[in-house]
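Below is one structure, written out as structure tokens; the observations come after it.
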Amino acid sequence: MTPSILPRRARPFILVATLLAAPAVIAQQMPDTLFSPTVGAPAFASGTGPRLMIDGGHHNFHTVDGRYAPFARLAARDGYRVRGGTGELTDAALREVDLLVIANALAAVNAGDNWSLPTPSAYTDAEIAAVRRWVERGGQLLLVADHMPFGGSTAAFGAAFGISWWNGFAYDSTGNSLLRFSRRAGLPAHPILAGRSAAERVDSLVAFIGSAFRLTGAGAPLMVLPTGAYVLLPQVAWQFSAATPREPVGGMLQGAALAVGRGRVVAAGEAAMFSAQRAGPQGATMMGFNSPTAPQNAQFVLNVLHWLSGLLPKS
């Protein structure tokens, strides 16, 4: 979510004071309402596409009228009928939805500034079971869980689909949290990356700090973390020291696509890349598909929606 450079392996304590200020930066994250992404060839006529709901009923850090407003605007320009959701995820509620977006949900105990362990599930077992049934019957799910505490609050949800999330912060081998993926390193062949035409082909992506996960069941990788990547696993978000546990995650994922019954799921370990945000003093830092470093992120978002909606082949 917030780009930062962590120290190298031998000196993780040097930037502790700086990182302790990170929650203040997070609080300043806001949607970039001035950024206007282009949709070259909309998939659907305006207001006629699939019914897309962005969950907002589980203390979500990203909502339809908040930090995912640019995502909602991009999807609407592609013809999707976009709205926010505020209630429980039940069989009845899901009958009114074609494509469900869940981004950075939290349990009530972790809402606000309490980003510390434990990080229980943001969803009840009944809600997770309802979404699983809905996907198996043809529903489409985009499931996004960022760095700690979001990996923990989404862990049970992910497990229902064969996804095992790390509840930590992912970095490359140099300690850089701005992760770059390319066709040469980290982006395997998949219809989502190919798009519907050569103009929609995605050759590079940028993630702005997130988590890592692995598949425990069937699925196709979309974003593969590089050799030497690792996660830090603090007790409290953004509070690191030399004693903070560190685990290697090279070869694990920040993106994957799954066919589940008649439905489809895309899982992502970073949220900002699906939207356009500004952060820091005077909103000087651009995070997401508004960033000059991520010119193809917006097309990737559209390709993800197209794959989920069945406009691209499963594999």
Positive-pole candidate from Gly217, Ser182, Ala170, dipole of the stretch 159-223, charges at beta carbon: Ser182
Helix 125-136 vs. the chain, principal-axis angle (Cα, 0 to 90°, nearest 10): 50 degrees
Please list, by residue number, everything in the stretch 301-315 whose backbone N is under 17 Å from a paramagnetic label point 7 Å out along Cα→Cβ of Arg133. none
Between the stretch 116-144 and the stretch 288-315, what is the C-alpha centre distance in whole Å? 22 Å
For n ≥ 4 DSSP H runs only, could you compute -39500 (n - 2.57) per run for the chain, divide by its residues and tell me the 222 nm figure to the nearest 500? -4500 deg cm²/dmol
Using only alpha carbon pairs under 8 Å that are at least six residues apart, calculate the relative contact order of the stretch 115-217 and give it in whole percent. 30 percent
For the stretch 92-230, size of Cβ-based charge dipole, Lys and Arg +1, Asp and Glu -1, in debye: 440 debye
Per the charge dipole of the stretch 70-131 (beta-carbon charges, Lys/Arg positive, Asp/Glu negative, Cα centre), the residue among Ala76, Ala126, Ser116 reaching farthest to the positive end is Ala76
For Gln28, the net charge from surrounding residues (Cβ-Cβ under 12 Å; K, R +1; D, E -1) works out to +2
Calculate how large, on average over all directions, the projected area of the Cα convex hull of the stretch 60-132 is; give the answer in nm² to one decimal. 5.5 nm²
Roughly speaking, to the nearest percent, how much of the chain's 1.4 Å accessible area is carbon and sulfur? 56 percent
Nearest-ten-degree value, helix 297-308 long axis tilted from longest Cα axis of the chain: 50 degrees
Yeah, the stretch 163-315 with a ≥ b ≥ c from its alpha-carbon gyration tensor (a/c under 1.5 is rounded, else prolate when a/b outruns b/c, oblate otherwise) is oblate
Which FRET efficiency, nearest 0.05, do Thr216 and Asn176 yield, Cβ-Cβ r, R0 22 Å? 0.20
Per-selection Rg to Rh, the stretch 178-267 - Cα, Kirkwood hydrodynamic radius: 1.04
Search the structure for amide H atoms under 5 Å from the amide H of Asn60, placed 1.01 Å from N in the peptide plane, and list their residues when 5 or more places away or on another chain. Leu106
Cα gyration tensor, the stretch 229-315 - rounded (a/c under 1.5), prolate or oblate: oblate
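The values are calculated or read from the model by the stated rules, or taken from the named source; none is laboratory data. Quick caveat, the model's predicted, so the values are computed rather than measured. Neighbour counts are summed over all protein chains in view; Cβ atoms, including those assigned to glycine, are modelled from backbone coordinates with ideal geometry. Areas reflect the complete protein model, heavy atoms only, side chains present, ligands, DNA and RNA absent. Shrake-Rupley method; radii C 1.70, N 1.55, O 1.52, S 1.80 Å.
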